[in-house]
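A short worksheet on the structure shown next.
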Amino acid sequence: MGQMIGLPFIFWLLFTAFDFWNIEQIFAILGLLGAILNVTRWKNKVLITILSFMMMLSPIMGRIVQTPIEKFNYFAFKIPLFLFIVCYLIFIVLNAKKGKPVVSL
């Protein structure tokens, strides 16, 4: 338990992205591209933030689908995942509100 959180997960993404002919390579590349989208000049566009969120979530969901769910049944995984999802959804909503024109009467 606890092997796929924080820094080890980043190393897993980097290693797996260059591990050719591995089915998980697709998820790792998507996750890295999603993280890279967060530092581009388009990071505040709603469509880009949604795409980035889905891409960053794909390696985590891929691991959850491939590994027995009991391996992820601990708070050191659940709490950071929950916080990531909630905070990123708030970020998307704030970007959507910021992008809408405000009509003043």
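Miscellaneous remarks
- Taken as a whole, the structure places ILE92 among residues that are in contact with a Ser or Thr (Cβ under 6 Å, 6 or more places away or on another chain) and among the β-branched types (Val, Ile, Thr).
- Selection of first residues in region 73-101 that are surrounded by 13 or more Cβ atoms within 10 Å (Cβ to Cβ) and of second residues that are modelled with pLDDT of 85 or more and not hydroxyl-bearing (Ser, Thr, Tyr), restricted to Cβ pairs under 7 Å at least 6 apart or on distinct chains, gives the following pairs, ordered by first then second residue: TYR88/PHE53; ILE92/ILE50; ILE92/PHE53.
- Residue count for region 47-65, restricted to those that are touching a residue at least 40 places away in the same chain (Cβ under 8 Å) and open to solvent by 40 Å² or more (accessible area, probe 1.4 Å): 2
The values are calculated or read from the model by the stated rules, or taken from the named source; none is laboratory data. Bear in mind that the values here come from a model prediction, so they are computed numbers and not experimental data. As a convention, Cβ positions derive from the backbone with ideal geometry for all residues, glycine included, and neighbour counts pool all protein chains shown. Each accessible area value is taken on the protein alone, full model and side chains, heavy atoms only, with ligands, DNA and RNA left out. Shrake-Rupley method; radii C 1.70, N 1.55, O 1.52, S 1.80 Å.
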